[in-house]
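Quick notes on the structure that follows.
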Amino acid sequence: MDIINFFKQVTNHEPYDYQIRAWEKINKIMEIGGRVVIEIPTAGGKTEATIIPYLYQFISNDWKVPRLIYVLPTRSLVEKQAERIRNYIKKILEMKRYPKDKVEELSKKMVQVEYGLEETHAFLGYVVLTTWDTFLYGLAAHRTVGDRFTFPCGAIAQSLVVFDEIQMYQDESLYMPRLIGLVVKRLVEANVPLVFMTATLPTELRKILGIHDEEPITVNPEDTKKPERGEVVVEFKEKLSDEKLSNEIKKALNERKKVLIIKNTVNSAIEVYEKVKQLGSSLLLHSRFTVEDRAKKEKEIDKAEIIVATQVVEAGLDLPNVGLVITDLAPLDALIQRIGRCARRKGERGKAIVVLPNFNEKVSEDFREKVILGFKDIPFENAYVTLVNNKDYGRVIEITIETIEEKKGKSKIIPKKFYIGDLENKTIRKLIENKKILKKKDLHFIPYSTQPYDPLIMIKSFDEIESVSEYLYDIFKAREALDRVYKEYYENNIVPKDYYSAYIYFRELKLFSTPPEYELKARPEMFAMLYPLKDAEEKAKNKETIEFNPKNVIRVGYNWIKNNWEKFDKKFELIKEYGERGWIYSLKKAGKQQPYKIYIIDDKYYSKETGIMI
């Protein structure tokens, strides 16, 4: 059986022309090493284009690599992607005439998920789905003094490694892309076969990742079999009242279509969920659930009629029959991904509503001249633009222009600076409240909070949103637009100091004296963990040992912990000690917050339905 007929049996579909080209290249790098970049619009079948060459080995018995490691940018929807691959494994085992009970048992063993809470990061299993953090620390663990295993590095060296949704490996300082570039260079030198998948990738990001010299596999104009998605009508609304929101949802549900609502923050997602959950079978998904509860929600997502989520569902969510997507304004690449969840199948029709910030409610008419919505509102050309922490205004966009002044018959070039902040900025809010903003001639503002995104990217994206439906279908136009949006972001970015520690690690083969997460960050922001526990205060007071379950952990940003620390009335630190019967866990009163620690909170702050509640 050749790979094309294998694909037909496993998926019940005819392969696209680009998928066949991808299989040929992936087969080649599985033998000799190398890189393959797949750049296809959303709903184009990228996952199958990547994993089929590996899965085909089960039928051909021509094994080039023994393992597939599938790396995702975040923990979101890892379980759903694992279930998708398990279903393909089941079909393969059925083709090989395994009994039904064995099919179920083997498919679970053969496809493993590693979130990073495991002790070893061992990457056992034929197919391992993992996060970027876990992958990095598995790779780093072999150079640590102590009880870290060398096995993960060997497992990676013998695997086909896939980086999915590569465009999401971004942060304000470009730390993660630079770090991935270092990792990629080392893996390529070791002849590890690598595949990168994306629907939207700026040109400069390709360079940082070290994949700019690879010709991407994409849909060619002459292809006869190519992905065709449904039709999406994109609308822009300055405000969506509760009544209009309800009517839009009811209309979609009456047409037997699913609804996906994507908010920029966890709190706003919870707020909307409480408003709409009575309209139909609803599910809330965000980052502040325990590992176990989140995994359950990911598995139940297919059954929900209304899904309310944060950006955790921007990529990797393949739901049939999503007829309505409602999203906050977001960076252009995020918008393309969000709208791309709608009408993913040929023949489907859907609608996406992008809710624009309504500045009429936030500022009075007196301040209109200070308002900046898009970059086109800025009346400067050839300006130097960057994001800074200004001593007077805080975190703002700084625009520097050169002006010519005449003095005593001589011309002199004088740089002038202007600043733009958003409503998250306390200084700007205070100036507006005190009606003193007009006196600041060098200060303008964005009339909404851009959190959690870079304000410069948000105003640059605003200029492009009217063409977002076009970018959904045309990756070349999308790339050109993203290059415009991220131009200043890449040009003026300063290498963060944390990067140099990573550089030393990968260039000088540094031996860590502590676990690598303390010396090598996977992301620019450190994290901590929360653990909801019933009667936590009483257990701490009585010095009771507790039964610790890593699946009940909630991973949150370290800055989030610091900002919200006082909202929890009782906090305890998890203590881990080794006794005669193995590891023993107990509690002690929490002191100063530290990254990577596990803090116990009372379970009154946690709900299985809505997550952490403060």
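The values are calculated or read from the model by the stated rules, or taken from the named source; none is laboratory data. Predicted model only: the values in this text are computed from it and were never measured. As a convention, Cβ positions derive from the backbone with ideal geometry for all residues, glycine included, and neighbour counts pool all protein chains shown.
Odds and ends about this structure:
- Looking only at residues of segment 1-40 that are part of a strand (DSSP E or B) and of a type outside the set (Gly, Ala, Ser), we find that the one that is farthest from Ala199 (Cα to Cα) is Arg35.
- Selection within segment 221-242 - out of contact with any helix residue (DSSP H, G or I) (no Cβ under 7 Å at 6 or more places or on another chain) and more than 28 Å from Val354 (Cβ to Cβ): Pro221, Glu222
- Meets criteria (within 25 Å of Pro447 (Cα to Cα), without any contact (Cβ under 8 Å) to a residue 24 or more places away in the chain and part of a helix (DSSP H, G or I)) for Glu271: yes
- Restricting attention to segment 93-112 and to residues that are in a helix (DSSP H, G or I) and of a type in the set (D, E, K, R), the residue that is surrounded by the fewest Cβ atoms within 10 Å (Cβ to Cβ) turns out to be Asp101.
Residue by residue, here is whether (1) hydrophobic (A, V, I, L, M, F, W, C); (2) more than 19 Å from Phe123 (Cα to Cα) holds:
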{"residue": "Asp17", "(1), (2)": "no, yes"}
{"residue": "Ile26", "(1), (2)": "yes, yes"}
{"residue": "Ile32", "(1), (2)": "yes, yes"}
{"residue": "Ala49", "(1), (2)": "yes, yes"}
{"residue": "Tyr54", "(1), (2)": "no, no"}
{"residue": "Arg67", "(1), (2)": "no, no"}
{"residue": "Ile92", "(1), (2)": "yes, yes"}
{"residue": "Lys96", "(1), (2)": "no, yes"}
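- Within segment 143-154, the set of residues being over 25 Å from the mean Cα position of the chain (by Cα) and either modelled with pLDDT of 90 or more or surrounded by 16 or more Cβ atoms within 10 Å (Cβ to Cβ) (or both) comprises Arg143, Thr144, Arg148, Phe149, Phe151.
- Taking segment 428-446 as the range and being in contact with a strand residue (DSSP E or B) (Cβ under 6 Å, 6 or more places away or on another chain) and surrounded by fewer than 18 Cβ atoms within 10 Å (Cβ to Cβ) as the test, only Asp442 passes.
- Taking segment 551-583 as the range and being farther than 22 Å from Val291 by Cβ, more than 28 Å from the chain's Cα centre (by Cα) and surrounded by 13 or more Cβ atoms within 10 Å (Cβ to Cβ) as the test, only Lys570 passes.
- Residue count for segment 41-85, restricted to those that are touching a strand residue (DSSP E or B) at 6+ places or on another chain (Cβ under 8 Å), assigned to a helix (DSSP H, G or I) and over 16 Å from Gln158 (Cα atoms): 9.
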